[in-house]
Structure formats: structure tokens, C-alpha cells
1. Kindly put Ser90, Ser246, Ser261 in sequence by how many other C-beta atoms sit within 10 Å of each C-beta, fewest to most.
2. Count charges around Gly143 for me, please; just the other residues with Cβ under 15 Å from its Cβ, Lys/Arg as +1, Asp/Glu as -1.
3. Lys and Arg at +1, Asp and Glu at -1: add these up for the other residues within a Cβ distance under 14 Å of His209 and post the number.
4. Hey, with R₀ at 25 Å, roughly what FRET efficiency would Glu259 and Asn144 work out to, going by the Cβ-Cβ distance, to 0.05?
5. With a Förster radius of 41 Å, plug the Cβ-Cβ distance of Leu119 and Lys196 into 1/(1 + (r/R0)^6) and report the FRET value to the nearest 0.05.
6. Give me Glu259, Glu276 sorted ascending by neighbouring Cβ count inside 10 Å, so fewest comes first.
7. P(r) of the stretch 144-230 in 10 Å steps, Cα pairs, percent per bin?
8. For a Förster distance of 35 Å, can you work out the FRET efficiency between the beta-carbons of Leu102 and Val72, rounded to the nearest 0.05?
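Since every read-out is calculated from the coordinates, none of them should be taken as a lab result. Quantities reported herein were computed from a predicted structural model and do not represent experimental measurements. Cβ: placed from backbone, ideal geometry, glycine included. Neighbour counts: every protein chain shown.
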Amino acid sequence: MNKNFSKQAFLTLLTLLTLLTFSNAEQVTVTSQYPSPLGVYKKMRVLEDVNLAVSTGSVGIGTAVASEKMHVFGNVWVSGPGGFDASGESAFVYLGSPAGGLFNYIGASRDATRSDLYLMGNKSIVFRAGPLGTNLAAIVEAGNFFIGNYCPTCLPAREPTSPLHIWGLDRWDLVNTEGDFKIGDSNYRLKIGVAKSGAGRGDVRIRSHSAPATGGTNRLILGSDTNDTLTISGTNVGVGTLSPASALHVPSGRYFQAENSTAGAPPAADCDADAERGRLTIDTTNNRLYVCNGA
């Protein structure tokens, strides 16, 4: 009886010592393939390739419920060698399949004074805000920047063909809308709109606009080199003046010049309808001005 009891006690003591030994272990090194152990790990270090969730399931970092193949709750830091490498980036995040080079990447480069971010798309880079098909902007590989309803499947109808291409939303009404393109703020701005439908399709409107009670001039001024050449103010146009007082205002010291015309009265067919009333022509040979008075 005592012999059996002693043997049982010895086995029990050996089991307790074994459990205590493994419970106090802080590091386990596995040097060969080992079935994936289930458990909670405080720290894990892997020196070679790791394949996770290769068939089903997801990988969660910072979360116990992964909603995608990999779900990270928190910040992600990606870094690479310091300084520039041969292609100018020091760290990459690749998106897509490497087969045939059909992939995109996000890259970062840095040196002692600056840090740059690169977005590289195999064909284009598309920024989307809102539902698919609305409020999109894209940069395509030709170096052109597109703003508007970018539709890759609609090419070439919507393929950007200039460095800045604005698709436009038919906002030709510059009184009640902000147009297709605007520079400025809510008080002072330039608006441009293009009509793409209706009876006026093809019309282009350009307007300067100041909010009421701001004291803005609302002048649209075109110039060349250092000169203000043409001023549109209200319903008046000035050539060489910033303050036109008439529908067409040419100030003193400036000239209106007409090319030499055929001597004598203009053909009768050029002034035989009321719609032609007010036409002017100058006979520079005989110093005469002809004014059409209609039918």
C-alpha cells in the first residue's frame, strides 16, 4: 500500500513540475515545421516566410473581428532604407497582381530636408467621393489631370486630352450656379460655364462676379504683356480704358481703324433688310462713311 502510494505521489509531483516549467517559459524556439498552435501570444518573431489565412479566414491586427482578408485597427507604419534609392522611393506598398506588371503602388521618398509621397497607377489614379459615377477626378498616364465624371469604360469619349481637363456639368447659367470652373471665393470670383445641351449648346460664358454689398468692380479685364487692353464692365466694353462709359468706348489718343474698302457705295444686297440696319463701311478713297438704313 505504501509502495503504490509513493509511486502515485511521484508521478503527480513530476506532472506538476512539468507544468510549472512550461508555464514559466517566456520564449519557445521552433526550428522545423510545426502545426499552427492555437493560443494567445504576447510576442512572436519570425525569420522567414509566413503564410496566414491561405484558404479561408481573415487576419486581424488590433481587432478580434476582421471584416476583410486583413483588417488593421490603428496606425500602420511602412518604412524603407534611408535616402533615395535608384527609382527615388524608399518604401512601397503594392496593390494588384504582379502578373504582367498590372499593379499599382504607393511610395515614399525622403532625405534630410524633405519627404515626398508618390501614387503610381498602372493606367490611371482615380479619386472618388460619393457614389460610383459621380464626383470623380483622375490622373491618367499621359500626364493629364481630369476633373469631373471620369468613366474609364467610356474612353476615348472622356479621355483627358489636355494637362487640365474639366468635364463640366452643363452649368452654363452663371447667374444661378457657380459654373463648371471657378477661381476666387464667395465674395469675388471668376466663373466659367459651358452649355452642353439645349438650344444654346456650345455657348461658353465667362463672368466676373462680386457678392452684393462687397463693393467689387465686377470688371473682366483682358490684357497683353503689361497692358490692360480690353475691359468689360456691366454692359460696356472699353478698349484701352478701365472705365468704359458706352457700349464701345475708345478713349482719346486711341484709334478705330478700318481696312481700305472698295471705292463707292457698298452693294445694295448688303443693305436691303432691316436686320442690316446700322452697318457701317468707310470709303477711304473718297473719304465717305456709309451707314445702312435698312430696307
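1. Ser246, Ser261, Ser90
2. -1
3. Value of the local net charge: +4.
4. The calculated FRET efficiency here is 0.05.
5. That gives a FRET efficiency of 0.85.
6. Listing Glu259, Glu276 from fewest to most nearby Cβ atoms yields Glu259, Glu276.
7. Distribution as computed: 15, 35, 34, 13, 2 percent.
8. FRET efficiency, Leu102 to Val72: 0.90.
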